[in-house]
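Data block below; observations after.
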Amino acid sequence: MTTVQDLQSRIEANDQVIWSAAALVLALRTNTPPDLRDASLTLLHSLGIDVDLSAENDPMTVRQGLAVQAASAILQSGALLRGDRPWADQSEETMQAEGRLSARGAQLVKDVILSLLPGLDALLAQPGARMLDVGTGVGALAIAYAELFPALTVVGLDIMPGALKLAAQNVAESTVPHRVELRNQDVSDLTEVDTYGLAWIPAPFVSGSALREGLKRIREALIPGGWVIMGHAKIRANEGSAALSRLQTAVYGGTMLDDMRARDFLIEAGFTQTVSLPTPPGAPAITAGSR
Ligand SMILES: C[S@@+](CC[C@H](N)C(=O)[O-])C[C@H]1O[C@@H](n2cnc3c(N)ncnc32)[C@H](O)[C@@H]1O
């Protein structure tokens, strides 16, 4: 039985973890006022953490990426406790941070996934190549794909007007405004056929019914040999990580899938060659299937 005293000890321990996580964000960000930076560095130093990235290749980019990643859970859980639940009810800053974090998925596909899915390389490089970004949010992932694959036009779908408005601004300010198209459309209403070489869908953000119907529609919308890549919960060998993913998925209003259920969803929608792929720490698990 957990007592009030146990809870108080837990709350004190949480305070330390949460404030030192915030200190890490402040130390990594480049616009932190000097007094807060000094106090943050002192706290981190007392914990044995030294934020010196000078030995890194391209330290500024590494720094910005880590700052976004370190802030994401704090911003999201803060928004949740303020009473915001669905993803797009959150502040602009949170959505943009989450978008920037998701944008790393494009580099992962280029560096790792491309060589694991037969034929995808050619599909993304051919003239007129198209990619479908389901749940495009603020468009950061769509922009990153268009930047990394010069032949590609990316179509981003979302059902949240607030997110699409930010996406339109981000696309207009990007280097690829003519190769990213945005649409206010539910994936379960997709009607295109034989159009895309690749589709991305993030299961933790898409409800079970939209995911089931959406995967069938995506299959039709892919060209033969095209691939769907589905992001989902990464469940490691301990119960805590599954419980954490369950809470996050409940907050996002999406579908909780492990590797096996992800493959079942894809097979049910008619995909073949289904495969769960390795992803680095911090990235979601990924399961792919081919039309
Ligand atoms: C984590 S966000 C995507 C982040 C995005 N990659 C970015 O760069 O901002 C997931 C998005 O999926 C959208 N979504 C959820 N269900 C959807 C559906 N049925 N059809 C289309 N989009 C959906 C949500 O509105 C949300 O914006």
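Between residues in the range 88-114 that are not assigned by TED's automatic domain parsing to the domain that holds residue 137 and residues that are near the ligand (Cβ under 8 Å from one of its atoms) and open to solvent by 80 Å² or more (accessible area, probe 1.4 Å), which pairs lie under 9 Å by C-beta distance while being six or more apart or on different chains? What qualifies is 88/159. When residue 49 is tested against (1) of a type in the set (Val, Ile, Thr); (2) modelled with pLDDT under 95; (3) within 24 Å of residue 144 (Cα to Cα), exactly one condition is not met: (3). Set side by side, the residues 223, 267, 218 differ, and just one is touching a Gly at 6+ places or on another chain (Cβ under 8 Å), within 23 Å of residue 110 (Cβ to Cβ) and not assigned by TED's automatic domain parsing to the domain that holds residue 70, which is 223. Scanning the range 181-211 for residues that are closer than 18 Å to residue 276 by Cα and in a helix (DSSP H, G or I) gives 203, 204, 211. State whether the residues of the range 208-231 include one that is more than 16 Å from the ligand (Cβ to nearest atom) and without any contact (Cβ under 8 Å) to a residue 60 or more places away in the chain. There is no residue in the range 208-231 that is more than 16 Å from the ligand (Cβ to nearest atom) and without any contact (Cβ under 8 Å) to a residue 60 or more places away in the chain. Among (1) surrounded by 19 or more Cβ atoms within 10 Å (Cβ to Cβ); (2) more than 19 Å from the chain's Cα centre (by Cα); (3) in a strand (DSSP E or B); (4) not hydrophobic (A, V, I, L, M, F, W, C), there is one condition residue 263 misses while meeting the rest; what is its number? The number of the failed condition is (3). The numbered conditions (1) in contact with a helix residue (DSSP H, G or I) (Cβ under 7 Å, 6 or more places away or on another chain); (2) within 21 Å of residue 15 (Cα to Cα) are all true for residue 63 except (2). Of the residues making up the range 80-88, at least one is among the aromatic types (Phe, Trp, Tyr) and in contact with a Phe, Trp or Tyr (Cβ under 7 Å, 6 or more places away or on another chain).
Residue-level check: of (1) more than 16 Å from the chain's Cα centre (by Cα); (2) over 24 Å from residue 277 (Cβ atoms); (3) modelled with pLDDT of 95 or more, residue 162 misses just (3).
Within the range 137-158, being more than 17 Å from residue 108 (Cα to Cα) and either aromatic (Phe, Trp, Tyr) or open to solvent by 10 Å² or more (accessible area, probe 1.4 Å) (or both) holds for 151, 153, 158. Selection over the range 159-180 of residues that are outside any helix (DSSP H, G or I) and open to solvent by less than 70 Å² (accessible area, probe 1.4 Å) gives a count of 4.
For residue 257, the conditions (1) surrounded by fewer than 19 Cβ atoms within 10 Å (Cβ to Cβ); (2) farther than 21 Å from residue 145 by Cβ; (3) not aromatic (Phe, Trp, Tyr) are fulfilled apart from (1).
The values are calculated or read from the model by the stated rules, or taken from the named source; none is laboratory data. All values reported here derive from a predicted model rather than from experimental measurement. All Cβ positions, even for glycine, are placed from backbone atoms using ideal geometry, and neighbour counts span all protein chains on display. For the accessible areas, the whole protein counts, side chains as well, though only heavy atoms, and no ligand, DNA or RNA atoms are used. Shrake-Rupley method; radii C 1.70, N 1.55, O 1.52, S 1.80 Å.
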